[in-house]
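Working notes, structure below.
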Amino acid sequence: MSAVGDWRSTQLPYRLDRRAFADEEILQRELELVFKPSWQFVAFESELPDAGDYVVRRMGRDSVIVTRDESGAVAVLLNSCNHRGTQLCRATFGNAAHFRCSYHGWTYSNDGRLVGVPHLRTAYPAGFDKTLYDLRRARVTAYRGFVFATWSPDGPSLEEHLGEFRWYLDAMLDLAGGEWEVYGPPQRSIMKGNWKVPTDNFAGDGYHMGTTHQAAFEQGIYGDSLASGTLGRKELELIGINVSTAHGHSLRAGYVVEKGDRSISTDVSEPAYLGYPPEVWPSFTAGQTREQIRFNSRCEVLHGAVFPNIAYLSVSHDRAIGRDDDPLTRYTVWRTHTPIDARHTECHYWTLVPKAMPEEWKRRSYQFQARSQSAGGMLFEMDDFENFARIDNVVSGPVTDGEPLDLTLGLGLGEPVPDFPGPGDAEYCTLSEHNQRAFYRRWGALMGYEGLMGQTR
Ligand code: FES
Ligand code: FE
């Protein structure tokens, strides 16, 4: 029986068939049923400031050129010539009015129209219709500068796809005056392992911190990061709140609270935005709703996943590596995990900084991110990638394949969060796979594996 038809975890609702991390047939099904109809993040509008600017990205396994055409609109074009299929654009980014195929010279405008065919009048039959060979264009929508695309012409809108998660994206962006920018070009790396492994991790894995990132703790990265100095309080602790929303999106927020407190304070008179200098706090407060202030105040770490393959992270460390005198500085990174094959993943990382912050602060934020969560991240990323590769080392084998993986951490143990300011299913449970269950439940629904992860908590 085929790997897909023999899917075993349907009998075990909180267990995952480990072939999901290794099997090419399952990946083919994902590309068709998960990636192709979903809204996929392709670029930030700020990466394409001028007409003709382009970046080359992938949607699932399909290479696309994301361009700003001469009319100023963003187009997402399949990066494959319609004559023999040659890759049209080989650069990663640039500026071009046209894309000329390197094989026989068919030329496309940057909105995807076939505009040039060498020897058209003499070598092709009369009536050759160039419009039949325009590049396939994806449906494109931008939300607050984040450009998404889908191959589904009439599926849900991006706003419907994001659903309640928009509240959390807005809350993150409105924190710092609402205007953000990408700092520097995105970083890119190839990871050994399946695309779902890092996505699952960022969705809500607080469980690995004490083991995988033990070295970071030992080096004092977190040290006194409960910010007792900043908040002027003692007896503080960090609690984790998991939130899942429809369509498998998630976030996990770590709040600094007084010991034993399980609520998010309703007092907005003294908000604290950890990782930003206290001088800017009043201006940050001015641009937010009361509920956003409650969500953002005292949040030390925020991470999550936007279905299917986006992860994001906003962290306020107390120190950069090796510099004990660095002020508390937050970084925010947006990343994608795109399958190359079932066992290799392309990762992109964009560092986001508030436009309103001074250049020196932005640079330090970028450095913090680059040192920890990037292709060259010395502690966090390397530690994580080492474990992701160790999964891949042994994930597949005739006996191994029959041993499902467990996703019951925290099941039934989450407590409601009194008066939580945002929508979705929020629970207090510092160690939980609530969000991973939400991710795999959505994934299972699209893949036809009904019954997978019956409840998220
Ligand atoms: Fe592109 Fe022939 S393959 S012009
Ligand atoms: Fe990690």
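The values are calculated or read from the model by the stated rules, or taken from the named source; none is laboratory data. Just so you know, these numbers come straight off a predicted model, no measurement behind them. Cβ placement follows ideal geometry from the backbone for every residue including glycine, while neighbour counts extend to all protein chains displayed. Heads up: the accessible areas ignore ligands, DNA and RNA and are worked out on the full protein's heavy atoms, side chains in. Shrake-Rupley method; radii C 1.70, N 1.55, O 1.52, S 1.80 Å.
Numbers for the structure displayed
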item	result
Residues of the stretch 279-318 satisfying the condition of being more than 20 Å from the chain's Cα centre (by Cα) and among the acidic types (Asp, Glu)	Glu279, Glu291, Asp318
Those residues of the stretch 256-309 which are hydroxyl-bearing (Ser, Thr, Tyr), loosely packed, with under 15 Cβ neighbours inside 10 Å and in contact with a helix residue (DSSP H, G or I) (Cβ under 8 Å, 6 or more places away or on another chain), in sequence order	Thr266, Thr289
Gly72 outside any loop (DSSP other than H, G, I, E, B), away from ligand 2 (no atom under 16 Å from the Cβ) and of a type outside the set (Val, Ile, Thr)	no
Among (1) free of Cβ contacts under 8 Å to residues at least 60 places away in the same chain; (2) within 30 Å of Val197 (Cβ to Cβ); (3) crowded, with 17+ Cβ neighbours inside 10 Å - the single one Glu237 does not satisfy	(3)
Residue satisfying all of: in the stretch 181-213; small (Gly, Ala, Ser) and within 13 Å of the chain's Cα centre (by Cα); farthest from ligand 1 (Cβ to nearest atom) among these	Gly204
Which numbered condition Leu431 fails, given (1) touching a residue at least 60 places away in the same chain (Cβ under 8 Å); (2) in contact with a helix residue (DSSP H, G or I) (Cβ under 9 Å, 6 or more places away or on another chain)	(2)
Odd one out for Glu30 among (1) in a helix (DSSP H, G or I); (2) within 16 Å of ligand 1 (Cβ to nearest atom)	(2)
Number of the exception - Gly397 against (1) closer than 30 Å to Ala272 by Cα; (2) not in a helix (DSSP H, G or I)	(1)
Sole residue being open to solvent by 60 Å² or more (accessible area, probe 1.4 Å) and either within 18 Å of Asp62 (Cα to Cα) or within 16 Å of ligand 2 (Cβ to nearest atom) (or both), chosen from Tyr124, Tyr133	Tyr133
Subset of the stretch 93-115 [closer than 15 Å to Leu135 by Cβ, in contact (Cβ under 8 Å) with a residue 24 or more places away in the chain and more than 9 Å from ligand 1 (Cβ to nearest atom)]	Ala96, Ala97, Phe99, Tyr108, Ser109, Asn110, Asp111, Gly112, Leu114
